[in-house]
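Bear in mind these aren't lab numbers, they're just calculated from the coordinates by the rules spelled out. Given the structure is predicted, the values throughout are model-derived calculations rather than measurements. Counting neighbours? That spans all protein chains shown, and the Cβs are built from the backbone with ideal geometry, glycine included.
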Amino acid sequence: MTTLRVAMIGHGFMGSAHSVGWRQAPRMFSLPADVEMAVVVGRKPEAAAAAAEQWGWQESASDWREVIARDDIDIVDVVTPGDSHAEIAIAALKAGKHVLCEKPLANSVAEAEAMAQAAAAATGVRAMVGFTYRRVPAVTFLRDLIAEGVVGEIQQVRAAYRQDWLVDPEMPLAWRLQKEHAGSGALGDIGAHAIDTTQFVTGLAVSAVSGTIETIVKQRPLLGEGSGLSGTAADGYGEVTVDDVAIFTGRLANGALVSFEATRFATGRKNQLTIEVSGTKGALAFDLEDLNSLQFYDRTAPADRQGFTKILVTEGVHPYVSAWWPAGHMLGYEHGFSHQVKDLIEGIVDGTDPHGTFAEGLAVQRVLEAVEVSSGRESAWVSIPGATP
Ligand code: SOE
């Protein structure tokens, strides 16, 4: 059997989640290749060495260019902040490596276009963007049910990704709050998931948007220790240069409307991605805070038996589930990362692109940019006489 050796560039929160995927997938699924966690790369040698030790990477390194040039590396997994995705992913593709890149694909449409072109030009090489929630069994199953026609013609969608970690004004200015590193704020970080999940489950592209993005807390303490979502504050304040909240309307290719929301200010909502797809024959709803189930409403059921019912997506017949525990045993946040690895390894061995292609990442990037353009236009707002502040 072939052995595929992986280099992971970056080792923050997403690096930990991806490491769990690389470690678990070969143990839980019968993969068509052996996978070796070869090297983890980070700018600070000590921190990279600690990540290697914690997750079981064979070695650590500090120069991603040197690692990409190595002949004994087959797959490059990019889990750095968005500002380096394009440079690393394109270099890896040109070096003939398969690439898994965290979402959003890039920080701009121009970068995402270059990445999609590099992926298309790289023969015999697979490229995948890490829209992990596609591979939560309930989300994959929701997609399958829609494709089977259980909701009929899609007439309306509601998609929201809501967190509350920025409600505290003393939460420090981590890279996710700086445009030069993150590209955008709630919009790109979590709105990208809401957009991608909508396009994935409906099979329909978002063709137009109209919306508003807003920064609620405009200055925050500078970051001291740590990074990402769990840093501590240092002395002094700095400017938040990305949005905290994005609320927008989208139109799907079939004409249906979508209400989108992406926020880090939904007090009490910790990590809630919800989607509800309403159609002529029924409706399906998913909530990440209850990720082992779906809600299904069947309009064709007898009138005296109608109402949303809960489907437990925990059985061997459901996507990905049979590889894990006996039926009925729950899965969690981290399992999607193993499913992503499984599909990528199968795609590499079969020579087919697993879904979540760079072209799909580019499509999401175009929607993100369109929301920002729309938000900059005052004409999106029509004032109500007598109610204007
Ligand atoms: C932080 O907002 C974050 O970790 C996102 O970056 C992830 O994509 C999402 O899975 C959870 O929240």
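Structure values in brief
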quantity	calculated
Three-way shape call for the stretch 97-225 based on the alpha-carbon gyration tensor, with the a/c threshold at 1.5	oblate
For peptides 35-47, 64-76, sequence by mean Cβ density within 10 Å, most packed first	35-47, 64-76
Qualifying trypsin sites (Lys or Arg not before Pro) in the stretch 248-348, DSSP loop, other Cβ atoms within 10 Å at most 11	Lys270
Shape category assigned to the stretch 1-136 from the gyration tensor of Cα positions, a/c cut at 1.5	rounded
With eigenvalues of the C-alpha gyration tensor scaled by 5 and rooted, the stretch 245-389, Å	33, 24, 17
Eligible lysines near Lys281 by straight Cα distance, threshold 18 Å, same-chain separation 8 or greater	Lys310
Antiparallel DSSP beta bridges within the chain, as percent of all bridges there, nearest 5	60 percent
Linear extension gain, Ala387 paired with Gln117, 0.36 nm per residue minus alpha-carbon span	92.3 nm
Cβ charges +1 (Lys, Arg) and -1 (Asp, Glu), total dipole of the chain, debye	620 debye
Environment charge at Leu31 (Cβ cut-off 13 Å; Lys +1, Arg +1, Asp -1, Glu -1)	-2
Linear extension gain, Ser16 paired with Phe308, 0.36 nm per residue minus alpha-carbon span	101.5 nm
Estimated 222 nm signal from helices in the chain, with DSSP H stretches of n ≥ 4 weighted -39500 (n - 2.57), rounded to 500	-9000 deg cm²/dmol
When each of Lys218/Lys342; Lys97/Lys270; Lys94/Lys270; Lys179/Lys270; Lys44/Lys342 is checked by Cα-Cα distance, pairs over 32 Å	Lys218/Lys342; Lys97/Lys270; Lys94/Lys270
Where trypsin sites (Lys or Arg not before Pro) fall in DSSP loop in the stretch 136-222, at most 15 other Cβ within 10 Å	Lys218
Under 11 Å, Cβ to Cβ, from Thr352 - net charge with Lys/Arg +1 and Asp/Glu -1	-3
Hydrodynamic radius by Kirkwood, which averages 1/r over all alpha carbon pairs of the chain, in angstrom	21.8 Å
Ascending count of other beta-carbon atoms within 10 Å, so fewest first, for Tyr297, Tyr237, Tyr161, Tyr133	Tyr237, Tyr297, Tyr133, Tyr161
